[in-house]
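**Q** Structure below; questions to follow.
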Amino acid sequence: MNMPRGDHVPSVAVVGAGIAGLACAGDLATAGWRVQVFDKSRGPGGRAATRRTDRGGFDHGAQYFTVRDETFSSAVDGWCREGAVSPWTGRIVRIARDASAGAVIDTDRATRMVGTPGMSAIGRALAHGLDLACESTILRARRLDAGWELTVAATAGLAGHALPQRWDWLVCAAPAPQTAHLLAEVPSLAAAAAASTMQPCWAVMVDLDPVADPGWDAAFIDDSRLAWAAREASRPGRAPGGRWVLHASVAWSLEHLEDDADTVAARLLEAFRERSGLADRVRSLRAHRWRYARPDDALPPLPRRCLFDADARAGACGDWTSAGRIEDAWLSGRALAAELRARSAGVIE
Ligand code: FAD
């Protein structure tokens, strides 16, 4: 364990309890730091999210994740043993724009992993043992001579948390545009975050009845409106039923970003019916807008997996530092934790 120098226990405020913030926080807590995590949402996980309903959950954000890196692979093995994730062996197809081409079985052999019983289980597993204040929006981060002071929106989320007046370090683990805003007092980091634009995604949660089978469980769809559709019940540990998550294409989401949610839901359902052939009765229909869904894939990844400024005692992490996947978020959080541990030994008196 890389303990900080002397008797001083460094403190760090981590803004954002998505995969990146939690990976960073967990690593620093294990190293003996005093860690406080804040998130404006009701629970941890960020975009690896599950919307609960009385008929079962909808994974309306990240759909699954793949594993390439060895250290991430070891962490995923641990989550598997805890029952927080499992492989998803659903029938995944590609549906071409030309309907006559039919659905083609996806030949990508990578194992697709999902949280169980929902994608939000990943965040819950990572948050275990951490001091996490949910429903706590950080409005402003003010730089002090040596450390940071935060303005937290007064919500019920802070009840029971004894917060210090200042933190030695600040970690910003929010999507790039929000990070640029929060790190305004560190211009070099704010500028790098501001340059990382992110793209939106309209997601639709639809519950169909009776349960019908189009012959596949999920599809990458080549369509001007829809990009993806997945049947919830095909994933391990989910309640049965006809719940589907539909994702709009980036272009359509951008074009309809400010549209009314009900109109968006109806238009994406119409596209789904056309491509799947499903005509079942709709029990419920809802749309969710992810304003910052994925980093713009036309932009190159940042030179490093995180941003860090030892003088300002601040850093930023998140999927937007590289390819915009769950694995990238986790690696980014861990990379920033390593920077903080290495540098804190030199700068904390
Ligand atoms: P986030 O998950 O966005 O976490 C940031 C957190 O910061 C959030 O919880 C937010 O509430 C919080 N926050 C922001 N501002 C503040 C503030 N001021 N105060 C307090 N809290 C704040 N990845 C894959 O690997 N595979 C997929 O199939 C996949 N599909 C996706 C589909 C969609 C529709 C979306 C939206 C994402 C998808 N992703 C996928 C991407 C994946 O979800 C992300 O890469 C990953 O979850 C990002 O984690 P993060 O920690 O970087 O950010």
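The values are calculated or read from the model by the stated rules, or taken from the named source; none is laboratory data. None of the values given here were measured: they were computed from a predicted structure. All Cβ positions, even for glycine, are placed from backbone atoms using ideal geometry, and neighbour counts span all protein chains on display. With ligands, DNA and RNA removed, areas are computed over all heavy atoms of the protein, side chains included. Shrake-Rupley method; radii C 1.70, N 1.55, O 1.52, S 1.80 Å.
**Q** What number, in percent, do you get for the relative contact order of segment 141-254 if the mean sequence gap of Cα pairs under 8 Å and at least 6 apart is divided by its residue count?
**A** Averaging sequence separation for qualifying contacts and normalising by length gives 20 percent for segment 141-254.
**Q** Could you rank the peptides 38-50, 257-269 by their average count of other C-beta atoms within 10 Å per residue, with the highest value first?
**A** 38-50, 257-269
**Q** With a 1.4 Å probe and every protein chain left in place, work out the accessible area per residue of segment 1-81 in Å², rounded to a whole number.
**A** 44 Å²
**Q** Further question on the same structure: Classify segment 32-85: rounded, prolate or oblate, from the alpha-carbon gyration tensor (a ≥ b ≥ c, eigenvalue square roots; a/c under 1.5 rounded; otherwise prolate if a/b is larger than b/c)?
**A** oblate
**Q** I'd like the distance separating the alpha-carbon centroids of segment 17-36 and segment 179-203, in whole Å.
**A** 21 Å
**Q** Right, another one. What is the antiparallel percent of DSSP beta bridges lying wholly in segment 1-105, to the nearest 5?
**A** 50 percent
**Q** Report D for the chain in µm² per second (integer): Stokes-Einstein, Kirkwood Rh on Cα pairs, 37 °C, 0.692 mPa s.
**A** It diffuses with D of about 156 µm²/s by this estimate.
**Q** For the chain, what does the relative contact order come out to in percent, with C-alpha contacts under 8 Å and a separation of six or more?
**A** The normalised contact order for the chain reaches 23 percent.
**Q** Provide the net charge surrounding Trp79, with neighbours chosen by a C-beta distance below 13 Å and charges set as Lys +1, Arg +1, Asp -1, Glu -1.
**A** Residues close to Trp79 contribute a combined charge of -1.
**Q** Here's a follow-up. Given the whole protein assembly as supplied and a 1.4 Å probe, what does the accessible area of Glu339 come to in Å², nearest 10?
**A** About 40 Å², ignoring ligands and nucleic acids.
**Q** Apply the Karplus curve 6.51 cos²θ - 1.76 cosθ + 1.60, θ = phi - 60°, to the phi angles in segment 106-112 and return the couplings in whole Hz, x for Gly and Pro.
**A** Once θ is set to phi - 60°, the couplings for segment 106-112 become 5, 9, 5, 8, 4, 6, 9 Hz.
**Q** Here is a follow-up. Which values of log₁₀ I(q)/I(0), to two decimal places, follow from the Debye formula for segment 229-349 at q = 0.12, 0.16 Å⁻¹ with a uniform point scatterer at every Cα?
**A** Treating every Cα as an identical point scatterer, log10 I(q)/I(0) equals -0.67, -0.90.
**Q** Please give the per residue accessible area of segment 295-338, computed with a probe of 1.4 Å over protein heavy atoms only, in Å².
**A** Values: 1620 Å² over 44 residues.
About 37 Å² of surface per residue is accessible.
**Q** What is the sum of charges around Ala338, taking Lys and Arg as +1, Asp and Glu as -1, for the other residues whose C-beta is under 13 Å from the C-beta of Ala338? Please list the in-between numbers first.
**A** Values: positive: Arg304, Arg305, Arg334, Arg341, Arg343; negative: Asp27, Glu339.
Net charge around Ala338: +3.
**Q** Give the span of segment 1-91's Cα atoms along each principal axis, as three whole-Å numbers ordered largest to smallest.
**A** On the principal axes, segment 1-91 reaches 55, 31, 19 Å in Cα extent.
**Q** In whole percent, and with a 1.4 Å probe on the protein chains, what portion of the accessible area of segment 1-132 is carbon and sulfur?
**A** Its accessible area is 49 percent carbon and sulfur atoms.
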